[in-house]
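Have a look at the structure below, then the notes.
No value in this document is a laboratory result; all are computed from the given coordinates. In this text the structure is predicted, and so the values were computed from the model without any measurement. All Cβ positions, even for glycine, are placed from backbone atoms using ideal geometry, and neighbour counts span all protein chains on display.
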Amino acid sequence: MSYHSFLLEPISCHAWNKDRTQIALCPNNHEVHIYKKDGNNWSKIHVLKEHNGQVTGIDWAPESNRIVTCGTDRNAYVWTLKGDVWKPTLVILRINRAARCVKWSPKENKFAVGSGSRLISVCYFEQDNDWWVCKHIKKPIRSTILCLDWHPNNILLAAGSCDFKCRIFSAYIKEVEEKPAPTAWGSKMPFGEVMFESTGTSGWVHGVCFSDSGNRVAWASHDSTVAVAEGGKTAVCASLTSETLPLLCVTFITENSLVAAGHDCYPVLFVYDSNKAAMSFGGKLDVPKQSAQKGMTARERFQNLDKKATTDSKEAVLESVHKNSISQISILNGGKAQCAKFCTTGMDGGMAIWDVKTLESAMKDLKIV
Amino acid sequence: MAKNTLSSRFRGVDIDEYDENKFVDEQDEAAEQQGPDACEVDHLIRQYPSDQWDMMTAFHIALRNPPINSKNPAVKERAQVVVLRVLTAFKSSDIEPAVKSLDKNGVDLLMKYIYRGFEKPSDNSSAILLQWHEKAFAVGGLGSIVRVLTARKSV
């Protein structure tokens, strides 16, 4: 597990290229910086300046090597590498509030942008006009869309929103693809159709993720719960309330295990048992350094009692790797089926890469099914 | 200048009610949510000094049937009064086993009542509620407090 501190400011969002040698991130301003790994160091090779507002979402398409960014200036840009320079193409999203998140579809022929205008813009490239065109999904979204994830069939899109619901929409664009085959979430999928809407959890949905097969969707919401829904004739939902602060991002690492992280600054493992349709807490994934146990003198004890009304010697220093909330998790190796490495970035400006095998051996009761 | 500009009755209109973007929560049925049974709880509290287990039963009864979906503030007020009475009647040493006997949802519900009780402090209630809060926090953690803050349907 390695940790690299890029900046002092929070990293708003990040994205990796196909072979994981380059990372594009936004250092909490209007630019996107691309860093390249050489040896143990990271050097900045490109700076993408085009947005007029903070860049809130970046996604890097692995096959076509295009980057899409969206920001609070209500725009999205698609960047293509021409020689040694990244050239932007403006995409008109027709939104009147900030864009919040963006994701390429699995086949990279479209991307979806969630925004504060209570709608999702699904954009595809129109060959005749040589221009990116977008279609809106509006109903029944009542508030800002915070997070998006595509189903592997390139049609279904999961969206988590501030109206306390996680929904699965159909983003079928007849101009660029054929009719989809039926899935666990339904068979009729006209554009904008709601295939699934969550009930039961309250709180803004900060992170949403499809499993590798697309049959399960997990979401983390602001009332400190994580939930998984499995598609089928009737969708089965299982949720787990946690004793920690709310989680901000969630991803599947195998078909049954999820890793989530948030305001508590360390990643956490959850396991979903489909037979019991229940979720359980798998373990805390941080490896804290063993701090030397200092003995307390009687004087210190009385001072603690006087100041803090307790004789505990717990220091007010975070023991986790990240020193501030973790805002994004991305899978590096292995995909969502057999993830071997994943990466977290957060408000402390640092990026940590976690190795699943080492974590499994380090924590004794950890079992990743 | 023929219009009467002195009338200000229009200022009484609540413009936010007519905003088409206004967020309205889903309407769930009020159903059987009448709040806990006050008489039963009273009876059990009176027997407290002699029988500790009666207190636990009173506690569990008080936490049953929370008026979460009800829109009637009187029902909620009544429920709050009953629960507060049970909480103040407990001895300090009995608080911890009582909290341990609750499941996750029970702890969340207890936290909601505790914070509701903080809203209207009276006499000794805050001190006792703080003791309950400490024990409930040890079991429920920060998550249970976050759920009190983010709950759309409160007690």
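Mind checking A:243-252 for the average number of partner chain beta-carbons within 10 Å of each residue's beta-carbon?
Working: counts 12, 4, 5, 5, 0, 0, 0, 0, 0, 0.
Other-chain Cβ atoms within 10 Å of each residue's Cβ, averaged: 3.
What is the fewest-to-most order of A:TRP104, A:TRP131, A:TRP86 by other Cβ atoms lying within 10 Å of their Cβ?
Numbers: A:TRP104 22, A:TRP131 12, A:TRP86 19.
Ranking A:TRP104, A:TRP131, A:TRP86 by Cβ neighbours within 10 Å, fewest first, gives A:TRP131, A:TRP86, A:TRP104.
Using per-residue counts of other Cβ atoms within 10 Å, averaged over each peptide, order A:6-12, A:79-85 from highest down.
Details: A:6-12: 17.0, A:79-85: 11.6.
Answer by packing, highest mean first, reads A:6-12, A:79-85.
Size of the stretch A:69-120 along its principal axes in angstrom, Cα-based, largest extent first?
Sorted largest first, the three principal extents are 38, 24, 14 Å.
Nearest 0.05, what FRET efficiency do A:ASP19 and A:VAL85 give at R0 = 22 Å with Cβ-Cβ as r? Could you put the intermediate results ahead of the total?
On the way: r = 20 Å, r/R0 = 0.92.
After rounding, the FRET efficiency stands at 0.65.
Relative to the present Cα-Cα distance, how much length would full extension add between A:PHE191 and A:MET363 at 0.36 nm per residue of separation?
Values: separation 172, 0.36 × 172 = 61.92 nm, distance 4.53 nm.
Roughly 57.4 nm would be gained on extension.
Would you mind counting up the charge near A:LYS135? Only other residues with Cβ under 12 Å from its Cβ, with Lys and Arg at +1 and Asp and Glu at -1.
Numbers: positive: A:ARG94, A:LYS110, A:LYS138, A:LYS174; negative: A:GLU126, A:GLU175.
With Lys, Arg at +1 and Asp, Glu at -1, the neighbours total +2.
Go through A:LYS165/A:LYS233; A:LYS49/A:LYS82; A:LYS37/A:LYS323 and tell me which ones have a Cα-Cα distance over 18 Å in this structure.
On the way: A:LYS165/A:LYS233 20 Å; A:LYS49/A:LYS82 16 Å; A:LYS37/A:LYS323 23 Å.
A:LYS165/A:LYS233; A:LYS37/A:LYS323, as the Cα separations exceed 18 Å there.
Using the Kirkwood formula on the Cα atoms of the stretch A:28-121, what hydrodynamic radius do you get, in angstrom to one decimal?
Result for the stretch A:28-121 stands at 13.7 Å.
In what sequence do B:VAL24, A:VAL259, B:VAL82, B:VAL139 fall when counting other Cβ within 10 Å, fewest first? Let's see the in-between values first.
Working: B:VAL24 6, A:VAL259 27, B:VAL82 24, B:VAL139 17.
Least to most surrounded, the residues fall as B:VAL24, B:VAL139, B:VAL82, A:VAL259.
Where does helix A:298-308 land angle-wise versus the long Cα axis of chain A, in degrees 0 to 90, nearest 10?
Once rounded, one gets 40 degrees.
Which of the helices in chain B meet the span-like rule: DSSP H, Cα axial reach of 20 Å or more, Kyte-Doolittle mean at least 0.0? Provide the component values of the computation, followed by the final result.
Working: long enough: B:73-89 (24 Å, 0.69); B:104-119 (23 Å, -0.32); B:125-150 (24 Å, 0.82).
For chain B, where a helix must reach 20 Å along its axis and average at least 0.0, the hits are B:73-89, B:125-150.
Quick one: A:GLU243, B:GLU40, B:GLU20, fewest Cβ neighbours within 10 Å first, how do they rank? Working shown, then result.
Values: A:GLU243 19, B:GLU40 14, B:GLU20 4.
Going from sparsest to densest Cβ surroundings: B:GLU20, B:GLU40, A:GLU243.
Can you tell which of A:PRO246, A:PRO140, A:PRO88 shows the greatest fluctuation in a Gaussian network model of chain A with Cα springs below 10 Å?
Evaluated over chain A, the most mobile residue of the options is A:PRO140.
Mind listing the long-range amide H neighbours of A:PHE196? Cut-off is under 5 Å, sequence gap 5 or more, other chains count too, H placed in the peptide plane at 1.01 Å from N.
Here the answer is A:ILE168, since their amide H atoms fall under 5 Å of that of A:PHE196.
If I take all pairs of Cα atoms in the stretch A:11-304, what percentage of them are more than 37 Å from each other? Write out the running numbers ahead of the final one.
Numbers: 7823 of 43071 pairs.
Across the stretch A:11-304, Cα pairs with separations above 37 Å total 18 percent.
Give me the compactness ratio for the protein assembly as shown, meaning the Cα radius of gyration over 2.2 N^0.38 Å.
Working: Rg = 26.5 Å, N = 524, 2.2 N^0.38 = 23.8 Å.
Here the Cα radius of gyration is 1.12 times the empirical estimate.
Quick one: if the Förster radius is 56 Å, what FRET efficiency do B:ALA74 and A:ASN65 give, using the C-beta to C-beta distance and rounding to 0.05?
Calculated value: 0.30.
Taking amide hydrogens as modeled 1.01 Å from N in the peptide plane, which residues meet the under 5 Å criterion relative to A:HIS14, leaving out close sequence neighbours?
Sorted by chain and number, the residues that satisfy this are A:ILE58.
Each residue of the stretch B:10-17 in order: what ³J(HN,Hα) in whole Hz does its phi give by Karplus 6.51 cos²θ - 1.76 cosθ + 1.60, θ = phi - 60°, with x for Gly and Pro?
Karplus-based 3J(HN,Hα) across the stretch B:10-17 equals 5, 6, x, 6, 8, 5, 5, 5 Hz.
At what distance in angstrom do the alpha carbon centres of the stretch A:9-33 and the stretch A:235-266 lie from each other?
23
List the relative contact order of chain A as a percent without decimals, with contacts defined as Cα pairs under 8 Å and 6+ residues apart. Could the numbers behind the result be given before it?
Details: 968 pairs, mean separation 43.9, N = 369.
Taking the mean separation of contacting Cα pairs over the length of chain A, I get 12 percent.
Counting only Cα, what are the radius of gyration and maximum Cα-Cα distance Dmax of the stretch A:167-304, in Å?
Considering the stretch A:167-304 through its Cα atoms, Rg and Dmax are 20.3, 76 Å.
Counting Lys +1, Arg +1, Asp -1, Glu -1, what net charge surrounds B:GLU20 among other residues with beta carbon under 14 Å of its beta carbon? Kindly include the intermediate steps, with their values, before the conclusion.
Values: positive: A:ARG118, A:LYS138, A:LYS139, A:ARG142, B:LYS22; negative: B:ASP16, B:GLU17, B:ASP19.
Net charge in that neighbourhood comes out at +2.
Per residue of chain A, what 222 nm ellipticity follows from adding -39500 (n - 2.57) for every DSSP H run with n ≥ 4, rounded to the nearest 500? List each step's numbers first, then the result.
Details: 2 runs with 18 residues, N = 369.
Taking each H run of at least 4 residues, the total per residue is -1500 deg cm²/dmol.
Over all directions, how big on average is the projection of the convex hull of the alpha-carbon atoms in chain B, in square nanometres?
Values: hull surface 55.1 nm².
The number I arrive at for chain B is 13.8 nm².
For A:ARG74, enumerate residues with amide H under 5 Å from its amide H, sequence gap 5+ or separate chain, H modeled in the peptide plane.
Close amide H contacts, sequence-distant or interchain: A:ALA99.
Between rounded, prolate and oblate, where does the stretch A:1-59 land on the alpha carbon gyration tensor, with a ≥ b ≥ c its root eigenvalues, rounded for a/c under 1.5, else prolate if a/b exceeds b/c? Let's see the in-between values first.
Values: a/c = 1.88, a/b = 1.55, b/c = 1.21.
Prolate, since a/c reaches 1.5 and a/b exceeds b/c.
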